[in-house]
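Taking it in order: structure first as structure tokens, then the write-up.
The values are calculated or read from the model by the stated rules, or taken from the named source; none is laboratory data. Note that the structure is a prediction, hence the values are computed from the model and not measured. Here the Cβ positions follow ideal geometry from the backbone for every residue, glycine too, while neighbour counts run over all protein chains shown.
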Amino acid sequence: MDRYERIVLLHRLLHASRRPVPLTKLMDELGCSRATVYRDIAYLRDALGAPIEGGDGDCASFRYAQQETARFELPGFWLSSDELAALLAMHEVVARADPGVLSGALAPFRARIERLLTEHAAGTALPMGRVRVLAHGVRQLDQHLFRTVAAAVLARQRLRFAYRARSTGNESRRVVSPQRLVHYRDNWYLDAWDEGKDALRSFAVERMREVEKLPDRARDVPDAELDAVLAAGYGIFSGAPRAVAVIHFSAHAARWVSDTRWHSQQEGRYLPDGRYELKLPYASSRELLMDVLKFGPDAEVVAPLPLREEMKSLLALAQRVYEKAPRA
């Protein structure tokens with residue numbers, strides 16, 4: 001354990017304990033000698049201003065002064081090397097999955113973490129190329145627009161914007177009370193109370209433009225109602241669930257499907273012949289069927305009957321396309 005990690009752990013031990021912590025316990029927890037514990041205590045107290053109380057001797061014990069404990073925290077990024085590495089990896093997820101959205105704002109933050117990790121590694125450069133994020137289906141997102149929407153969600157202010165629906169291409173003007181931002185399948189959506197429709201709606205953030213924060217206080221909708229209307233059915237384009245889909249996957253596909261979380265209320269089980277049965281509520285048959293189609297002949301929609309018939313129609317239409325000669 002390096003010095004950074006010992007200082008962090010020493011701070012946490014003293015901060016969490018209401019009673020003096022014996023020297024012997026500190027030696028055991030930090031995995032170091034008596035002299036090293038005293039050096040770390042001296043550094044924590046003298047260099048960082050920690051309100052440490054305690055004395056010398058083999059039976060010594062230490063604690064934070066009770067009146068100062070709540071107010072003292074380590075300055076800056078005092079994390080272990082493993083925690084810093086994990087934090088930097090998470091930054092890569094944000095920076096590469098949504099280029100430009102936060103990368104500029106987080107650049108100083110990242111540079112500071114990299115410096116700390118380089119110090120931990122005795123000057124060795126970090127091989128950040130070993131952290132790869134391969135985003136799938138990311139749609140272009142305006143950085144300024146995203147920040148305005150995020151700020152309105154947190155500040156609880158209404159938003160006014162123009163919105164072009166993907167399904168129809170029609171544009172409308174909306175005034176909404178933003179409820180929460182949702183990152184779903186590598187893209188951002190805004191759950192909001194639509195003041196004009198007097199109902200909950202979900203908006204794809206990249207389809208919004210001319211976004212303006214209003215001074216009006218946003219209406220708050222309880223989480224339970226948001227979940228019931230916008231999150232209970234399968235997919236982001238959903239309302240209340242229409243039915244429960246039953247899908248059978250081949251034994252080959254079961255190895256992947258059984259480990260995948262499709263829905264918070266899904267139920268799955270292996271069938272006697274090795275196939276896998278998945279049950280999940282859905283509101284948008286379009287998105288659900290698109291996912292099932294990815295498995296080709298390894299997936300079969302069993303129920304309900306209207307969903308099975310819809311899948312049969314999609315497959316029939318696809319077959320007709322391939323029965324024709326390809327157009328130049």
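Conditions tested, residue by residue: (1) within 20 Å of Glu73 (Cβ to Cβ); (2) in contact with a His (Cβ under 6 Å, 6 or more places away or on another chain); (3) surrounded by fewer than 14 Cβ atoms within 10 Å (Cβ to Cβ).
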site	(1), (2), (3)
Glu5	yes, no, no
Leu10	yes, no, no
Leu14	yes, no, no
Ser17	yes, no, no
Pro22	no, no, no
Met27	no, no, no
Ser33	no, no, yes
Val37	no, no, no
Ala42	yes, no, yes
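With respect to being under 27 Å from Met290 (Cβ atoms) and not hydrophobic (A, V, I, L, M, F, W, C), Gly196 falls outside the description.
Whenever a residue of segment 219-235 is surrounded by 12 or more Cβ atoms within 10 Å (Cβ to Cβ), its partners that are at pLDDT 65 or above and of a type in the set (Asp, Glu), lying with C-beta atoms within less than 7 angstrom and at least six residues away or across chains, give the pairs Leu226/Asp191; Leu230/Asp191; Tyr234/Glu287; Gly235/Glu287. One residue alone among Arg180, Arg173 is outside any helix (DSSP H, G or I), closer than 22 Å to Leu226 by Cα and in contact (Cβ under 8 Å) with a residue 12 or more places away in the chain, and that residue is Arg180. Comparison of Arg34, Arg18 shows that the only residue that is over 37 Å from the mean Cα position of the chain (by Cα) and basic (Lys, Arg) is Arg34. Within segment 274-291, if we keep just the residues that are in contact with a helix residue (DSSP H, G or I) (Cβ under 7 Å, 6 or more places away or on another chain) and at pLDDT 90 or above, the residue that is nearest to Pro306 (Cα to Cα) turns out to be Leu289. Look at (1) exposed (fewer than 12 other Cβ atoms within 10 Å of the Cβ); (2) at pLDDT 85 or above; (3) of a type outside the set (A, V, I, L, M) and you find that Arg71 fails only one, number (2). If you filter segment 223-241 down to residues that are assigned to a loop (DSSP other than H, G, I, E, B) and under 12 Å from Asp191 (Cα atoms), you find that the one that is modelled with the lowest pLDDT is Phe237.
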